[in-house]
Amino acid sequence: MEIRKLSEFVTFVQGINQSRAEKQFGNQEIDYYDQASFEEDHKYYNEATQEERVNYLFDQEVSLDKCDVVISNSLQRATMVSGQNVGKVLSLNFTKVEFKSDLLDKRYFLYLFNNHKDIQRQKDRGLQGTGPVLRLTKQSLEQLVIPLPLIEEQRKIGGIYTESLKLQSKLSIYTRLLEQFTNSMLEKSLEE
């Protein structure tokens with residue numbers, strides 16, 4: 001298996017400064033991709049494989065399409081954009097990952113970035129900042145070195161990873177519902 005620099009396969013696009021954008025575009029309302037959008041996308045990995053294109057107020061580089069990969073700079077986690085966040089604009093808190101070719105599968109990238117132990121160590125070494133919030137810089141992202149199996153193996157690994165995330169999300173919902181049901185039944189039995 002080959003070991004290659006991530007920058008050979010992707011480029012990273014930083015989000016925009018919100019105050020500068022608001023000055024530039026004046027009164028136009030800008031719908032930013034925020035932490036709530038990221039959490040929503042991270043919980044429910046979408047099934048889509050086709051990318052949807054929309055006309056945007058901003059340069060397409062910082063506007064999001066379905067199936068775009070986005071990194072939360074503060075959480076050092078990546079997710080795939082769902083249909084409900086299409087057209088939102090990246091703020092400085094996020095970095096968009098643009099794939100240069102089909103040699104790196106998007107879901108395999110998500111697995112590597114979020115869970116692969118060696119990548120986690122590399123990310124930890126590349127963190128910068130002061131105080132409680134450390135961030136990954138564009139330069140540290142470009143220096144990440146990844147294992148690169150054949151594309152078929154990447155698709156298999158990425159598919160298994162995203163399916164397990166979907167299952168974890170559903171199990172979390174079921175756990176919460178079971179807890180609510182149990183509490184409701186116990187309270188009801190005390191009332192009788």
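Throughout, read-outs are computed from the coordinates displayed, never taken from laboratory work. Everything quoted here is computed from the prediction, not taken from an experiment. Positions of Cβ are generated from backbone atoms using ideal geometry, with glycine treated the same way; all protein chains shown enter the neighbour counts.
Please compute the net charge surrounding ASP34, taking Lys and Arg as +1 and Asp and Glu as -1 over other residues with Cβ under 12 Å from its Cβ.
-3
Scan around PHE94 for amide H atoms under 5 Å from its own, H built in the peptide plane at 1.01 Å from N, and keep only partners 5 or more places away or cross-chain.
Under 5 Å from the amide H of PHE94: GLY15, ASN73.
Determine the calculated [θ] at 222 nm for the chain from helices alone, applying -39500 (n - 2.57) to every DSSP H run no shorter than 4 residues and normalising by the residue count; nearest 500 deg cm²/dmol.
-14000 deg cm²/dmol
Taking a spot 7 Å from the Cα of LYS138 along the direction of its beta carbon, which residues of the range 92-132 have an amide N less than 19 Å from it?
Counting backbone N atoms under 19 Å from the label point, the list is 92-101, 126-129.
Quick check: pseudo-label points 7 Å beyond the Cα along Cα→Cβ at ARG176 and LYS117, how many nm apart are they?
3.2
To the nearest 20 debye, what is the magnitude of the charge dipole of the range 93-142 about its Cα centre, counting +1 on the Cβ of each Lys and Arg and -1 on the Cβ of each Asp and Glu?
The calculation lands at about 120 debye.
If you take Kirkwood radius over Cα pairs in Å from the coordinates, which of (i) 16.3; (ii) 18.4; (iii) 17.6 do you get?
Given (i) 16.3; (ii) 18.4; (iii) 17.6, the structure-derived one carries the label (ii).
Once you've got the GNM for the chain with C-alpha springs shorter than 10 Å, pick whichever of GLY87, GLY158, GLY131 has the biggest mean-square fluctuation.
Maximum fluctuation in the GNM of the chain, among the listed residues, is at GLY131.
Local charge sum around LEU186 (other residues, Cβ-Cβ under 13 Å, Lys/Arg +1, Asp/Glu -1)?
Residues near LEU186 contribute -3 overall.
What is the extension gain from LYS156 to GLU8, computed as 0.36 nm multiplied by their sequence separation minus the C-alpha to C-alpha distance, in nm to one decimal?
51.1 nm
If the cut-off is a Cα-Cα distance under 18 Å, which aspartates and glutamates reach LYS138, setting aside same-chain residues fewer than 8 apart in sequence?
GLU8, GLU61, ASP68, GLU98, ASP124
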